[in-house]
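Everything on this sheet refers to the single structure shown next.
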Amino acid sequence: MPSLFSLYRKIFFSRKPGWDQQPLPNIFISADNVQLAEDKVAQYAKVCEFNFDGETIPPTYLYVLAFRLHASIFTHKAITFPLLGMIHLKNSITVYRPVKMDEKLTVQCELTSSTTTDSGLEFELTSKVFVGDELVWQALSTYLYRFESKKRVRPPRASDMAWENVQHWQLSEDLGLRYAKASGDYNLIHLHPVLSKRFGFERVLAHGMWSKARSMAHLMTFVGDKPFKLDVEFKLPVFMPSEVTFGYESIEGGKRFEMRDVKGRRPHLKGELSYL
């Protein structure tokens with residue numbers, strides 16, 4: 001697997017002119033015979049609060065592998081715009097069966113499509129994990145390279161879901177660094193306020209995929225070994241240190257859930273868990 005640290009040096013410090021108004025090409029990358037390290041998976045599980053038994057991989061950990069290939073695609077010469085102009089809009093993960101630590105994996109990622117919208121250039125990356133010829137895990141990530149716009153965007157509102165038995169989670173300022181050490185994803189805006197300010201953010205941002213993983217960890221009790229799909233939309237950024245709230249409700253065939261601000265008024269993340 002490629003080193004995210006090396007890739008981030010290219011992503012953050014290479015000069016890219018901006019989008020060249022051309023549709024993005026299809027780009028495919030693959031890594032074979034991937035073997036996971038138990039200590040790294042355990043470290044990730046601790047940061048995201050999964051109960052890790054040393055055998056079954058937390059389902060969102062496989063996105064850590066996939067994102068290394070995403071980052072390789074972002075450094076491709078056909079990607080002419082900088083990473084910091086990009087927003088992770090949505091992420092969908094499908095788990096066909098639990099994946100075990102002793103299994104060797106093939107990880108594939110493909111930039112499949114791009115579309116111009118009012119907000120910017122939207123594009124999708126499909127990631128797949130195989131054990132032999134068996135597809136065991138799949139993800140779809142939707143990104144947006146945002147254009148300059150004077151249009152005022154209204155902040156999103158929470159849904160009408162029942163907001164009962166709400167969890168309160170405290171996020172420390174060093175959460176971004178702890179997640180980076182566990183995942184290998186050293187995006188500077190998640191590490192330290194001095195670094196995040198250099199890129200236009202007043203405070204450190206929590207990683208969106210940490211928010212998804214933390215939500216999934218809380219919902220694992222409803223999943224067991226069942227195949228499932230987990231869809232999320234990233235709404236408002238989470239700054240650290242802070243307190244967030246989390247709630248869920250039962251729907252037909254699964255759960256829907258949200259991570260909100262401490263008052264429960266504004267959503268940071270909206271999601272749905274569906275059993276297959």
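Among the residues of the stretch 14-22, is there at least one that is surrounded by 12 or more Cβ atoms within 10 Å (Cβ to Cβ), at negative phi, at pLDDT 80 or above and assigned to a loop (DSSP other than H, G, I, E, B)? No - not one qualifying residue is present in the stretch 14-22.
The set of residues in the stretch 89-102 that are open to solvent by less than 40 Å² (accessible area, probe 1.4 Å) and in a strand (DSSP E or B) comprises 91, 92, 93, 94, 95. For residue 157, the conditions (1) modelled with pLDDT of 85 or more; (2) open to solvent by less than 40 Å² (accessible area, probe 1.4 Å) all hold with the exception of (2). Restricting to the stretch 36-75, name every residue that is β-branched (Val, Ile, Thr), at pLDDT below 95 and outside any loop (DSSP other than H, G, I, E, B). Answer for the stretch 36-75, where residues must be β-branched (Val, Ile, Thr), at pLDDT below 95 and outside any loop (DSSP other than H, G, I, E, B): 64, 73.
If a residue must be crowded, with 20+ Cβ neighbours inside 10 Å and among the small types (Gly, Ala, Ser), how many such residues does the stretch 40-71 contain? Number satisfying all stated conditions: 3.
Let's see how each residue does on (1) at pLDDT below 90; (2) open to solvent by 20 Å² or more (accessible area, probe 1.4 Å); (3) farther than 14 Å from residue 237 by Cα:
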| position | (1), (2), (3) |
| --- | --- |
| 165 | yes, yes, yes |
| 170 | no, yes, yes |
| 181 | yes, yes, yes |
| 186 | yes, yes, yes |
| 192 | yes, yes, yes |
| 195 | yes, yes, yes |
| 198 | yes, yes, yes |
| 204 | yes, no, no |
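Would the stretch 154-168 turn up any residue that is in contact (Cβ under 8 Å) with a residue 24 or more places away in the chain and in a strand (DSSP E or B)? There is at least one residue in the stretch 154-168 that is in contact (Cβ under 8 Å) with a residue 24 or more places away in the chain and in a strand (DSSP E or B). Taking each residue of the stretch 228-241 that is under 24 Å from residue 253 (Cα atoms) and looking for partners that are open to solvent by 50 Å² or more (accessible area, probe 1.4 Å) and among the aromatic types (Phe, Trp, Tyr) with beta-carbon atoms closer than 9 Å, six or more apart or interchain, yields 228/222; 228/275; 229/275.
Yes or no, residue by residue, for (1) buried (at least 18 other Cβ atoms within 10 Å of the Cβ); (2) at pLDDT 95 or above:
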| site | (1), (2) |
| --- | --- |
| 216 | yes, yes |
| 220 | no, yes |
| 224 | no, no |
| 227 | no, yes |
| 247 | yes, yes |
| 254 | yes, yes |
| 260 | yes, yes |
| 265 | no, no |
| 268 | yes, yes |
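The values are calculated or read from the model by the stated rules, or taken from the named source; none is laboratory data. From a predicted model like this one, the values you see are computed outputs, not experimental measurements. Quick reminder, even Gly has a Cβ in these numbers, built from the backbone with ideal geometry, and neighbours come from all protein chains shown. Calculation scope for accessible area: heavy atoms of the full protein, side chains included, ligands and nucleic acids excluded. Shrake-Rupley method; radii C 1.70, N 1.55, O 1.52, S 1.80 Å.
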